[in-house]
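The structure appears below as structure tokens.
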Amino acid sequence: AMAKAVLEEGLHFDAVSGGEIYCLAGAGVPAEKIHFHGNNKTPREIEEFFRMGRGHIIVDNCDELTLVIETAERMASPMDIIIRVNPGVEAHTHEYIATATKDSKFGISIDREDEIRRMIEAAENCPYLSFKGFHSHIGSQILEVEAFAAEIRVMFDFVDRVQQQWGVEVEELDLGGGFAISYA
């Protein structure tokens with residue numbers, strides 16, 4: 001019911017598991033309205049998402065991209081790719097929910113430009129994949145707006161460098177993080 005209500009408002013969805021993909025499919029959400037996240041997607045979850053149609057997969061690392069490429073080629077199915085980049089912005093949140101440190105398990109450090117460039121090239125060399133852009137998420141329970149401003153500056157500079165120096169078009173930039181809620 002919640003997915004149907006969100007769909008009626010014309011919004012898009014984040015999904016982080018096969019269960020969420022299953023729920024969204026059951027609610028009639030088309031794949032193009034879904035961004036499939038998660039740093040530990042299983043081969044089965046990726047395949048289930050490909051079966052839904054062309055959506056967005058946020059790729060966290062080279063190994064995951066290899067799995068996505070293999071699935072796309074085996075299923076001869078198109079998919080849009082967004083690479084999750086860690087901007088290295090400290091959001092001063094609890095260490096257990098920080099997601100953007102350069103050594104985080106979520107995404108790839110922005111400092112690993114050669115690896116990011118190889119990921120883009122690999123995605124573009126697959127006839128079924130289309131590189132669309134980058135995603136970053138600096139954490140949850142963030143108390144100050146300065147962290148978001150820093151994320152925006154770092155990511156805009158990075159996208160500009162990718163477009164100007166690498167000649168790669170970046171259509172989408174997905175900036176994430178969550179404000180804290182005051183609990184009593």
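The values are calculated or read from the model by the stated rules, or taken from the named source; none is laboratory data. Small disclaimer: the values here were computed from a predicted structure and weren't measured. With ideal geometry, Cβ positions are generated from the backbone for all residues, glycine too; neighbour counts draw on all protein chains shown. Note: accessible area is taken over every heavy atom of the protein model, side chains too, but ligands, DNA and RNA are not part of it. Shrake-Rupley method; radii C 1.70, N 1.55, O 1.52, S 1.80 Å.
Some observations on this one:
- Test: residue in segment 96-103 that is modelled with pLDDT of 95 or more, within 28 Å of ARG54 (Cα to Cα), in contact with a Ser or Thr (Cβ under 9 Å, 6 or more places away or on another chain) and surrounded by 20 or more Cβ atoms within 10 Å (Cβ to Cβ): no
- Failed condition for ILE34, given (1) open to solvent by 10 Å² or more (accessible area, probe 1.4 Å); (2) under 12 Å from the mean Cα position of the chain (by Cα): (1)
- Selected residue (criterion: farthest from GLY133 (Cα to Cα)) from residues of segment 161-172 that are open to solvent by less than 60 Å² (accessible area, probe 1.4 Å) and in contact with a helix residue (DSSP H, G or I) (Cβ under 7 Å, 6 or more places away or on another chain): TRP166
- Residue count for segment 18-37, restricted to those that are of a type in the set (Lys, Arg) and not in a helix (DSSP H, G or I): 0
- When segment 37-53 is filtered for residues that are within 11 Å of the chain's Cα centre (by Cα) and crowded, with 21+ Cβ neighbours inside 10 Å, only HIS37 remains.
- Which listed residue, of HIS92, HIS35, is closer than 26 Å to GLU8 by Cβ and either modelled with pLDDT of 95 or more or not acidic (Asp, Glu) (or both): HIS35
- Restricting segment 54-82 to residues that are under 20 Å from GLU20 (Cβ atoms) and in a helix (DSSP H, G or I), the residue that is most open to solvent (accessible area, probe 1.4 Å): LEU67
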